[in-house]
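Okay, structure first, notes after.
Every number in this text was worked out from the coordinates using simple rules, so none of it is lab data. All values derive from a computational prediction rather than experimental measurement. Using ideal geometry, Cβ is built from the backbone for each residue, glycine included, and neighbour counts are taken over all protein chains shown.
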Amino acid sequence: MDSPIAPIDLTKITTYSVKDRKSKVNARDFSKPWIAGGSFSQFLSTLPAILAGNDLIEVIQAISQAKINNAPICLAMGAHVIKVGLNPILIDLMERGLMSMLSMNGAGIIHDLEVALTGKTSEDVAASIGDGGFGMAAETSILLSRAIKEAADQGKGLGQAVGDFINNERMPFKDKSLTATCARLGIPVTVHVAMGTDIIHMHPDFDPAACGAASHLDFRIFAAMVATLEKGVFINAGSAVILPEVFLKALTVARNLGYRPQNFTTVNLDFIRHYRPMTNVVNRPTLKGGKGYSIVGHHELLIPLIAAGVIENLGT
């Protein structure tokens, strides 16, 4: 039986020349083959000016320009950045004047202090959770509780207190500590705690009131820096919820108080895309100006690449 619908007639289709069509990909943006013995700057120039290749170059340029303009360069991060061995890269950026503020979640000070104290961190949770031993390292809780008490006694933010404590205790690996380096160089370091998320919250010597007050002071310091973000850069590396939420609230506070940071660059770095970083870091804050970027990849690859690119750009 013949089909009740006659096939459409394609002979009268209107066409145009592909040469006249607007195309999103152009050969001039293609990558270039690598030549042995080249420099890192030459390597960057071989990347395709397409999608993430173009974004990487633009992020490097934005950070470099912020430094030239003496505008803030702020890094917010999850603790995984520490756990993949990137403290030396970040400390080098601090020493070069390429970081205006460092912010982390509560887990950040745990791993940072353990590195400073022992040169190692990150326990095997699967091996210890079965018998209730997970997170029960005595020194981690005792020492951070002392730092929290000092924050309360001296009216310090949590990040500053931990950095000062590590330096004052002359911990063996303090040169590998992010908070200690910030404290030594006078770089604001803020810690944003969510109660119940960190191992020290399970210990009897932990003072939640003192910790909460010190973390709230850090939020106010964070908001004060965000208020000056015009022409600067805000980077979120690996915090899927806490730091993106803190950033959005801090930006709201700044604008509510009459500050008008509008034209700035935001960057989210992570190995998968999450809702809150995309919404609260990349998209919403730049609706009225600036530009947001999301680059997917492992921290241990992306952060050294970006850092090296900025250093090459500036020649510092």
Long-range amide H partners of ASN236, meaning residues 5 or more apart or on another chain whose placed amide H is closer than 5 Å, are ALA76, VAL267, ASN268, LEU269
A correct fewest-to-most ranking of ILE295, ILE82 by other Cβ atoms within 10 Å would be ILE295, ILE82
Burial-style ranking of 9-19, 221-231, average other-beta-carbon count within 10 Å with highest first, yields 221-231, 9-19
Yeah, segment 191-245 with a ≥ b ≥ c from its alpha-carbon gyration tensor (a/c under 1.5 is rounded, else prolate when a/b outruns b/c, oblate otherwise) is oblate
About its Cα centre, the chain carries a charge dipole, from +1 on Lys and Arg Cβ atoms and -1 on Asp and Glu Cβ atoms, whose size in debye to the nearest 20 is 1420 debye
Using the Kirkwood radius over Cα pairs of segment 62-202, the Stokes-Einstein translational diffusion coefficient at 25 °C and 0.890 mPa s, in µm²/s and rounded to a whole number, is 158 µm²/s
Listed with the fewest Cβ neighbours within 10 Å leading, LEU144, LEU243, LEU56, LEU287 appear as LEU287, LEU56, LEU144, LEU243
Expected sort for 159-169, 253-263, 114-124 on mean C-beta neighbours within 10 Å, highest first, is 159-169, 114-124, 253-263
Along the dipole axis of the chain (charges at Cβ: +1 for Lys and Arg, -1 for Asp and Glu; origin at the Cα centre), the most positive-end residue among VAL241, MET278, ILE200 is MET278
Per-residue Cβ contact counts at 10 Å, fewest first, order ASP198, ASP218 as ASP198, ASP218
Pairs over 32 Å Cα to Cα, from LYS83/LYS291; LYS176/LYS231; LYS120/LYS156; LYS19/LYS231; LYS149/LYS231; LYS67/LYS174, come to LYS19/LYS231; LYS149/LYS231
P(r) over all Cα-Cα pairs of segment 49-314, 5 Å bins from 0 to the longest distance, whole percent per bin, short to long, reads 1, 6, 13, 18, 20, 17, 12, 7, 4, 1, 0
Cross-link reach from LYS12 to lysines, straight Cα distance under 26 Å and at least 8 residues apart if same chain, gives LYS22
